[in-house]
1. What number of residues within the range 25-54 are closer than 19 Å to residue 93 by Cβ, of a type outside the set (A, V, I, L, M) and part of a loop (DSSP other than H, G, I, E, B)?
2. Looking only at the range 194-211, which residues are touching a Pro at 6+ places or on another chain (Cβ under 8 Å) and among the hydrophobic types (A, V, I, L, M, F, W, C)?
3. Assess whether residue 276 counts as being out of contact with any His (no Cβ under 7 Å at 6 or more places or on another chain), under 20 Å from residue 198 (Cβ atoms) and at pLDDT 95 or above.
4. Which of the residues that make up the range 78-98 are outside any helix (DSSP H, G or I) and either at positive phi or of a type in the set (D, E, K, R) (or both)?
5. Using beta carbons and a limit of 7 Å, which pairs, at least six apart or on different chains, have the first residue in the range 111-126 and closer than 21 Å to residue 85 by Cβ and the second one buried (at least 21 other Cβ atoms within 10 Å of the Cβ) and small (Gly, Ala, Ser)?
6. Would you mind finding the one in 286, 270, 282 that is charged (D, E, K, R), part of a loop (DSSP other than H, G, I, E, B) and surrounded by fewer than 18 Cβ atoms within 10 Å (Cβ to Cβ)?
7. I'd like to know if the range 233-245 contains one or more residues that are surrounded by fewer than 20 Cβ atoms within 10 Å (Cβ to Cβ) and among the aromatic types (Phe, Trp, Tyr).
8. Could we say that residue 66 is surrounded by 21 or more Cβ atoms within 10 Å (Cβ to Cβ), touching a strand residue (DSSP E or B) at 6+ places or on another chain (Cβ under 7 Å), touching a residue at least 12 places away in the same chain (Cβ under 8 Å) and over 23 Å from residue 171 (Cα atoms) here?
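The values are calculated or read from the model by the stated rules, or taken from the named source; none is laboratory data. None of these values were measured; they are calculated from a predicted model. Neighbour counts are summed over all protein chains in view; Cβ atoms, including those assigned to glycine, are modelled from backbone coordinates with ideal geometry.
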Amino acid sequence: MSRKLFFTTFTTTAPSTSTSIEYTMPPNLSITDHLPLPESTVQIPRLGFGVYRAHAEECIQSTLTALKTGYRHIDTAQFYGNEKEVGEAFRRSGLRREDVFITTKIMSPGGSPQATYEKIIESVEKINAGDKDGYVDLFLIHSSKSGLAGRKELWQALERVLEEGRTRSIGVSNYGVGHIEEMKSYAKVWPPHVNQIELHPWCQQRQTVRYCQEHGIVIEAYCPLVRGNKSNDPTLVSLAQKYGKTTAQVLVRYSLQKNWVPLPKSSNPERIASNADVYDFEISQEDMDVLDGLDQGAAGAVVESVDE
C-alpha cells in the first residue's frame, strides 16, 4: 500500500467556541484510546511517553519498558539526541510498525529549503535504521523562535515530507495563537495537526488551548508532571490521598480529562507503569476546578509559556 494513502482527508466539525473550561471525555477511557487529527485520517494515542534527556541505553530501556507497559506513543526530537535509540527500542519490542505512533521534531531550519528538508529526512532515517521506505507518524516544528522566514521554511519542508509519505502528520510545538494564525499566509496544510505546549495545573495557557480547540488542533502537554517540582504541593497531595493515587497519576489523569495528550517521562520502570495506571478513577468536576484554580499563567511555566 502506498504511504500516500495515509493522507486522504475528511472534514471535522470544529469544537464549540465556549469559554467554559469544563471537560468532556468518552466513557471508559483507556490506554488504547486515540484522538483524530484535524483534516486527516490519522489518529493519535491519547497517552504518550516522553524521552527528553534520555540517552543511549537509558532511552532504549525506558522506551522498551513503556511499550511493554502498553504505551503506544513515543515522543522524541532532534534536540534530544535519541531518535536512533527510539527506533532501536521499537525494533526490539517486536510490535508492528502500524501499532506504534512515533513523533519527532526539528528545532531550526537548515539554511535553505533543501537543507531543511534533508535535516528532516535524516531524522526519519535515523528512527527507521536507514530504511528508505520508513516513516514517522508525526513531525513537529520544535520552536517558534526561527523568525517568520525560518518558520515558513520549516513548515514548507514538512509539507513536502508529508506529501512524500515520510511522515503521516505534521504540527508545531511552542506556538502561540499569533504563530498559528501567521501560518495561513504560507501554509498549504492548515491547521497544523498538533500543537505541543507546556501544560499542567500551574501553566494552563488557556488562550492558546481555547484557540486550538476551536480549530480542532490536537493539544499535546509536555511537562505534565511539572518535572516533579510540585510533588509536595499541598493541594495536589491532598487530592492524591483522596483518590488513593500518586501525585503524578493525578496530573496525568488531569491532562487526559482536559482532552490533552500528556507526555509523561521517566526512566524508572515502576514510575513508567504507575504513570499509565490512571484508568480506574476519575477526577470529579469539583476537583478539576480546584486544579484549574492553581493556574499561575506564564509564571507557572518551567520551560515556556506561549500565551500572549
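1. The total comes to 2.
2. 199
3. Values: out of contact with any His (no Cβ under 7 Å at 6 or more places or on another chain): yes; under 20 Å from residue 198 (Cβ atoms): no; at pLDDT 95 or above: yes.
Here the answer is no, as residue 276 does not meet what is asked.
4. 81, 94, 96, listed by residue number.
5. Within 7 Å, the pairs are 120/157; 126/87.
6. Result of the check over 286, 270, 282: 282.
7. Yes, because at least one residue in the range 233-245 is surrounded by fewer than 20 Cβ atoms within 10 Å (Cβ to Cβ) and among the aromatic types (Phe, Trp, Tyr).
8. The answer is yes for residue 66.
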